[in-house]
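Where a number appears in this text, it was derived from the coordinates with a stated rule and is not lab data. What you are looking at is a predicted structure, and each value in this text was computed from that prediction instead of being measured. All Cβ positions, even for glycine, are placed from backbone atoms using ideal geometry, and neighbour counts span all protein chains on display.
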Amino acid sequence: MSNQRFISTVAGTLDGKGRVCIPASWRQILTAQDTHGVYICPNLEGGSLDGFGQALMDAECERLDTLDPLLSALHDDLATHITAESMLLPIDENGRIRLPEDFIQAAGLKDKVVFVGLGRKFQIWDPVAYAPVKAKRLAGALAERSARAAKEEAAREPAVAPPIPQPIGTP
């Protein structure tokens, strides 16, 4: 399996037949993972689609395998999203996939899309809907960086020893 990650943000289009072209470098990652297409599912929070390869699907299924499939409500909750909502979509000779209409509606996609690389997965967004999400995510990253910097700075500061008490009556 490939350890390559989905990186970058790439603009794309959604054609009249519901097709989008997966970025070429990402198709190479999917192929290296022995993915026969690409897995796509609606994002749990709404507003986008998640895309991923066989490596992430295998990891998620292994996690599901640790749960009792007959008695675990958590198994059913996770499996509903991971396996029931995901579709393995074939990639045509031009690098395109055809998104199901309900996926297009769930993500609010129109004629323009943006592919957002998030490491082990990527997302497909409407660019207008993604703009405030991107700003929020960048603000969160900045806040995390500031918190880590403050923690590192506190760890570097020498501990201040408490004053040594002087015996009574000494100058």
For the chain, what proportion of DSSP beta bridges, expressed in % and rounded to the nearest 5, is antiparallel? 100 percent
Going by amide H atoms built from the backbone, whose H comes under 5 Å of the H on residue 120, apart from near neighbours? 6
To the nearest 20 debye, the chain has a Cα-centred charge dipole, built from +1 on Lys and Arg Cβ and -1 on Asp and Glu Cβ, of 840 debye
Quote the relative contact order of the chain in percent (integer), defining contacts as alpha-carbon pairs under 8 Å separated by 6+ residues. 30 percent
Projected area of the chain, taken from the Cα convex hull and averaged over every viewing direction, in nm²? 17.2 nm²
Inter-part distance where segment 16-43 and segment 72-114 are each reduced to a Cα centre, Å: 11 Å
